[in-house]
1. Angle check, please: helix 208-219 long axis (alpha carbons) against the longest principal axis of the chain (alpha carbons), in degrees 0 to 90, nearest 10.
2. Let me make sure I get this right: for region 265-357, a, b and c are the square roots of the gyration tensor eigenvalues over alpha carbons, sorted descending. Under 1.5 in a/c it's rounded, otherwise prolate if a/b > b/c, else oblate. Which is it?
3. Just to verify a number: what accessible area does HIS169 come out at with the full protein assembly present, 1.4 Å probe, Å² rounded to tens?
4. Taking a 1.4 Å probe, which of THR18, THR361 shows the most accessible area, and what order do the others take after it?
5. Restricting to DSSP loop positions (anything but H, G, I, E, B) with no more than 11 other Cβ atoms inside 10 Å of their own Cβ, which trypsin sites (Lys or Arg not before Pro) remain in region 17-99?
6. So how exposed is ARG187, as accessible area in Å² (1.4 Å probe, rounded to 10)?
7. Would you look at the GNM of the chain, springs on alpha carbons closer than 10 Å, and say which of PRO208, PRO118, PRO227 moves the most?
8. How much length would be gained if the chain were fully extended between ALA263 and MET178, taking 0.36 nm per residue of separation minus their Cα-Cα distance, in nm to one decimal?
Amino acid sequence: MRYAINALFVRWGINAGTETYVTNIVRPWYENQPSGCEFIFYCNQLPPWWKGDRPWFRAVILQRAKRVGWRIFYEQLWLPLVGLASCDALFAPGYVGSALLKKRQVITVHDAFAWLYPGEIGHLRSLYWRVFIPLSLRSRNSLITVSASTAADLKRLCHIDHQQIHVIHEAGSHLSAMNEGGAILERLGLEAGKYFHCVGFFKKIKNPYTILKAYRAYCATIGNNSPNKLVLVGHVGNDVGREIAEYASKIPGVILAGRLPDASLSDLYRNSAALIFASLYEGFGIPILEAQELGCPVVTSQSSSMPEVAGDGALFVDQNSASEIATALSKISEKAEAEALVNKGKLNYEKFSWQEASNMTLDVLRRLKR
């Protein structure tokens with residue numbers, strides 16, 4: 001079987017969650033040929049892990065797809081009418097398939113932002129997803145979601161109860177082999193165990209203002225030996241992000257770290273008093289597992305997919321309550337509580353595997369020929 005992979009949506013170095021997904025699902029197929037499989041990888045630029053075409057895996061670069069209009073053209077017209085002529089099926093890991101394609105497809109939908117929080121991804125993109133996700137999920141195609149929570153959302157919002165849905169969880173092990181030796185702490189002026197951190201922070205969906213309010217309330221009550229810094233990690237890419245960053249920069253103890261390379265991020269997790277991941281909504285929530293693997297306690301929301309991902313290895317809070325988040329920060333600062341959560345988190349983390357996710361995804365693709 002020859003499979004096409006539509007990775008035109010990935011902006012390498014920018015799309016943190018979907019880039020991580022494509023890398024960990026597809027890269028194993030690139031590095032070790034699955035029996036009986038060939039792949040054509042459509043992208044707007046080569047990924048960082050690319051080391052040249054392989055006999056079973058070659059790339060086709062469509063640079064114009066970096067622009068949204070061109071990407072839609074390639075996805076909905078060029079690929080189904082021209083680009084996929086020699087392929088047996090399409091794997092679309094970025095939400096939408098090709099509505100005109102007569103061949104079978106496997107489509108990964110990561111969340112229901114387009115319906116629940118359209119402002120987070122832009123109204124035009126939301127409209128595109130709301131139209132083309134249902135169109136591309138015809139009965140002969142297969143849908144992958146990264147959590148049971150997202151699967152339930154899509155069943156309800158897209159009316160696809162007849163559609164076979166495969167829930168294949170993501171994982172968090174891609175940071176484990178990386179270590180910077182603590183240099184990030186020196187650069188940011190941090191002391192191990194004396195700070196909390198947030199990742200991907202500069203979006204409204206990450207609940208920034210409530211978290212910052214909670215941090216201020218927590219700081220008003222802490223003693224001298226408690227964690228007293230808050231490190232905010234993430235790309236500040238638009239007016240909303242800049243507004244959040246400007247607000248946060250005025251709060252004593254807050255450090256804006258920007259987007260960090262994986263080695264720096266790994267060290268930040270290892271030395272943090274806790275990850276604060278009290279989002280309003282998540283399709284999965286990879287940072288929860290990143291923290292659990294690296295021995296970092298977790299404070300997270302009790303909504304959407306986060307309880308499914310965190311298991312019993314986190315403190316759960318009402319994401320709309322600053323006082324509840326502040327109380328959780330005080331509680332997780334206690335050594336016994338933190339150690340118990342770390343131990344539970346490591347056990348929970350073991351339930352998730354990128355290799356298993358990659359294998360399960362390939363199995364869904366292989367079943368298309370049946």
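The values are calculated or read from the model by the stated rules, or taken from the named source; none is laboratory data. Here the structure is a predicted model, which means the values were calculated and not measured. Note that each Cβ is placed from the backbone with ideal geometry, even for glycine, and that neighbours are counted across all protein chains shown. We work out accessible area using only protein heavy atoms, side chains counted, and drop any ligands, DNA or RNA first. Shrake-Rupley method; radii C 1.70, N 1.55, O 1.52, S 1.80 Å.
1. Compared with the principal axis, the helix lies near 20 degrees.
2. Cα axes put region 265-357 in the oblate bin.
3. 70
4. Descending order: THR18, THR361.
5. Details: sites: LYS51, ARG58, ARG64, LYS66, ARG67, ARG71; in loops: LYS51, ARG67.
Of the trypsin sites (Lys or Arg not before Pro), the ones in loops of region 17-99 whose Cβ has at most 11 other Cβ atoms within 10 Å are LYS51, ARG67.
6. Counting only protein heavy atoms, the figure is 140 Å².
7. PRO118
8. 30.1 nm
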